[in-house]
Amino acid sequence: MVPHHHTAVATLRYRLSPDDEAIKALEATFADYDRMMQILDEVAQGVGANLVTLHTQAYDPIRKQTRLPARLVTLGFRDRADHRDSPVRRLPLDDKLFAIKGPTVLTISTVLGRVTIPFDIAGYTPGWGHSFPAYLMSRDGIFEIHFGVTPKNSAIEEKAMSTDNILSRMGRLIAGIAHSVIDAAEDANKVALVEQAIREISAAEDETRANLGKAQAEEYRLTARQREIKDELDDLTVKIQTALKDGREDLATAGIGRQIDLESQSNALSKALDDTRETIEENQNSFQAVVAARKDAESRLADLKKSLSSAAPAGREDTPSPYPKAERASRAIERVTGVPSDSNASSQALDELNSLHRNKQIAERLQKFRSGM
């Protein structure tokens, strides 16, 4: 998830530190993007600048002659006018093309696959004024990602940030009702303190349950679409074989082209499904932590009420401890606050076609069908 930009009045800059392999991938992506802009200029000479017509005439040539991710191609059509006037090399980005995976690491989709790159926060500069959420910038060998943000926005966000906030909140609430904190409170405030913590924990539980439900619904939707694509691919295989037997290579070629389009969709769905399942697991971890925190707080409240009702004015050292579950609560604190924010961030995106051009793919697939006859 990128920082919010709908009312952006400032630019947040991330300074990237790519290794040699990542630099190669970034430079290749810039080169293919430049080639896309050349193709658009060539096509525009014949059809004009109408975006719909331009997209219809130029999309296939761009996909054939470049390795750009489909999402970047789509953004590139909108970026064409501004791209010519930009004093630095830049690529438009959205949350499909990059993801912040932690306080110091992000990933970017390139023509050579998705690459992981460390970054530092370089600071803010006034103004934004762009229609895209972010840009990858390159000047004098330095790479940065610029976001449009409002000053109140957090400098670091990621798709699992809501989960991280819940986990952090649980850690603070549990720590806030620890033995030493309650013991230091006035008698009249002890119960109120824990009851307020329980209310906040319950609100977080509702929030986590809602997030988990949304992610599970998204998983179902993506899985259903994958099944539809698989059924269509299987059906096309039979039809391609029939066309070849009847000597209709033109129909077989068209069918193979459709298969390749469906496979690229399936790859993108697979990536989205991986991300969704990661989100589900993170929210499940968060939900378990919240439930454990609520149980600890409720148990502590019951013990506290019992202790206060039977407390003697003297002999405090002989009074049974009102905190028999302190050790378990401490373990809960460690469990809640120790959940890593990006435990499954190692899965690689597979949302692009391979490096072969479309025509070569069709020719190779056609040869395979011939060999199987």
Checklist outcome for this item: A correct Karplus calculation of ³J(HN,Hα) over region 213-220, with 6.51 cos²θ - 1.76 cosθ + 1.60, θ = phi - 60°, whole Hz and x for Gly and Pro, returns x, 5, 5, 5, 5, 5, 4, 4
Checklist entry - For ARG139 and GLU195 in the same chain, what is the full-extension length gain: residue separation times 0.36 nm, less their Cα-Cα distance, in nm? => result 14.6 nm
Checklist entry - Could you give the nm distance between label points at ALA203 and ALA217, where each point is 7 Å from its Cα heading toward the beta carbon? => result 2.3 nm
Checklist entry - Would you list ARG258, ARG227 from fewest to most Cβ contacts within 10 Å? => result ARG227, ARG258
Checklist outcome for this item: Non-local residues with an amide H under 5 Å from the amide H of VAL9, with H modelled 1.01 Å from N and Pro and chain starts lacking one, are VAL149, THR150
Item to check | Only Lys, Arg (+1) and Asp, Glu (-1) charged, at Cβ; region 27-138 dipole about Cα centre in debye | outcome: 280 debye
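I'd like to compare 106-118, 193-205: which one has the highest average count of other Cβ atoms within 10 Å, and what's the full order after that? Before the final figure, lay out the partial values.
Working: 106-118: 20.1, 193-205: 17.9.
Peptide ranking by packing, descending: 106-118, 193-205.
Going by average Cβ density within 10 Å per residue, which order do the peptides 35-45, 282-292 take, highest to lowest?
Result, highest mean Cβ count within 10 Å first: 282-292, 35-45.
Taken together, the values in this text are just the output of simple stated rules run on the coordinates, not laboratory data. What you are looking at is a predicted structure, and each value in this text was computed from that prediction instead of being measured. So basically every Cβ, Gly included, is an ideal-geometry build from the backbone, and we count neighbours across all protein chains shown.
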